[in-house]
Amino acid sequence: MSKSFQSVKGMNDILPDETPAWQYLESCLRKITASYGYSEIRMPIVENTQLFCRSIGEVTDIVEKEMYTFVDKGEDSLTLRPEGTASCVRAGIQHGLLYNQQQRLWYMGPMFRRERPQKGRYRQFYQFGIETFGFSGADIDAEVIALSARLWKMLGLENVELQINSLGSNQARDAYKEKLVTYFEKNLEALDADSQRRLKTNPLRILDTKNPNMKAVVENAPKLMEYLDDESQAHFQALRNKLDQLEISYVINPKLVRGLDYYNRTVFEWVTTELGAQGTICAGGRYDGLVEQLGGQATPGSGFAMGLERIILLLQQQIGFKDKLSAKIDVYLCTLGEAAELAGIKLAENLRDELPNIKLQLHCGGGNFKKQLKKADKSEAKIALILASDEVENNQITIKYLRQKSEQTRIAQSDLKAQLLELGLAN
């Protein structure tokens, strides 16, 4: 007998008992973006490979090691998107959304990176992102941070810390890189193999190393803040002033550099200690040169992205989180006998017409009264409606309470709508 198929490593099914948590999070994200006046954009999953090479950077881990890239029949190199910002910028340029305009956009969907799967970090993962265009001041940086802070409050997440830094202008960062390379070359023996490789390609990433043996050499490295140009310092101070005004606590982390080449000036991360090594749950910043880099007119940009799997893990750790999730159904309709089956399917559709918010499931598959009630109880419905030949003949319906100690009652079918509304099962 042939072996059954399994999902691809690191690409997981989200099963029916898990989807209510996802639906809850997605509904919160939609409410938040609507309250700030952001519009949704949906981009394709597959893009031209060069889009990510030019935006993320050819010497980053994502491009070098993690992208799912293939050559299609037309001999074009295509890639499953590893992140959303580059795709969003491409779409904005292509459809004329960016030049001399201001845009507040959001997206949500699967991304793909071929890295080692671990808790909260998968090869197909779901990402929510915010992208803003046409705003050059620190006010939009403060807004996207405030939006994320409001989301944590809505979700009831605690023990999350905001870390911020400034990478300065591209020119200031280039000058700093030279100082950094000179410093690390003098301390080459203290660098691990990965950092020695990055020394010539992406020296800023050395500051973000997780190797404890390199802690001392990184701590003594030149500080980027000392090389910021005046305009970048003023921008960063303006951001801090606005965060202080909003009473959003933050920590300045001089080693926060982000892993993508397109960032400049403001960078930030929300981190937690409740997920082990995968502590970052949201990250972003400014990318003022990216639109021009990808072929558009110079346009400032700022935004963030968050991996939804990690947020789900945090929600599932909350006491009482399941109580926030809406029930799959509230009403289970049992039908006994052929006449009741015919009447029941009609009754179910009529109730859905009259009560659009009702969550009603009709029993299918036959079975005796005991079997049907067992399924009704398993469904976690609050009540079972029982329709047998006697009820059909008299235009009545029996209500059996499944979650409270109340006597079952038989009422006229004409009174059922009002009864369901009174019980709060169709509001």
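The values are calculated or read from the model by the stated rules, or taken from the named source; none is laboratory data. Keep in mind the model is a prediction, meaning the values are calculated, not measured. Cβ atoms come from the backbone with ideal geometry, glycine included; neighbour counts cover every protein chain shown.
Restricting to segment 199-227, what's the tally of residues that are free of Cβ contacts under 8 Å to residues at least 24 places away in the same chain and crowded, with 19+ Cβ neighbours inside 10 Å?
0
Out of (1) assigned to a loop (DSSP other than H, G, I, E, B); (2) within 18 Å of ASN12 (Cα to Cα), what's the single condition that is false for PHE125?
For PHE125, the failing item is (1).
Given the residues LEU207, LEU275, LEU228, which is the only one that is modelled with pLDDT of 85 or more and either farther than 26 Å from ALA86 by Cβ or of a type in the set (A, V, I, L, M) (or both)?
On the way: LEU207 fails: modelled with pLDDT of 85 or more; LEU275 fails: modelled with pLDDT of 85 or more.
One residue alone meets the criteria, LEU228.
Is there a residue in segment 288-297 that is touching an Asp or Glu at 6+ places or on another chain (Cβ under 6 Å) and of a type in the set (Gly, Ala, Ser)?
There is no residue in segment 288-297 that is touching an Asp or Glu at 6+ places or on another chain (Cβ under 6 Å) and of a type in the set (Gly, Ala, Ser).
What's the total number of residues in segment 25-46 that are of a type in the set (Ser, Thr, Tyr) and surrounded by 17 or more Cβ atoms within 10 Å (Cβ to Cβ)? Write out each step before concluding.
Taking segment 25-46 first, the residues of a type in the set (Ser, Thr, Tyr) are 27, 33, 35-36, 38-39.
Next, from what is left, pick out any that are surrounded by 17 or more Cβ atoms within 10 Å (Cβ to Cβ): 33, 38.
Final tally of qualifying residues: 2.
Which strands (runs of 3 or more DSSP E) does segment 339-427 wholly contain that include 2 or more residues that are modelled with pLDDT of 90 or more, within 22 Å of SER326 (Cα to Cα) and within 44 Å of the chain's Cα centre (by Cα)? Quick ask: steps written out before the conclusion?
On the way: elements: 360-362, 383-387, 396-401, 409-412.
Result: 360-362, 383-387, 396-401.
Exactly one condition in (1) part of a loop (DSSP other than H, G, I, E, B); (2) surrounded by 15 or more Cβ atoms within 10 Å (Cβ to Cβ); (3) out of contact with any strand residue (DSSP E or B) (no Cβ under 8 Å at 6 or more places or on another chain); (4) not basic (Lys, Arg) is not met by ILE248; state its number.
Condition not satisfied by ILE248: (3).
Scan segment 307-358 for residues that are more than 26 Å from ILE14 (Cβ to Cβ) and basic (Lys, Arg) and jot them down.
The answer is LYS346, ARG352.
Need the failing condition index for ILE252 against (1) within 30 Å of ALA418 (Cβ to Cβ); (2) more than 21 Å from the chain's Cα centre (by Cα), just the number.
Status for ILE252: all satisfied but (1).
Check off (1) polar (S, T, N, Q); (2) touching a strand residue (DSSP E or B) at 6+ places or on another chain (Cβ under 9 Å); (3) not assigned by TED's automatic domain parsing to the domain that holds LEU151 for ASN220 and give me the number that stays unchecked.
Answer for ASN220: the failing condition is (2).
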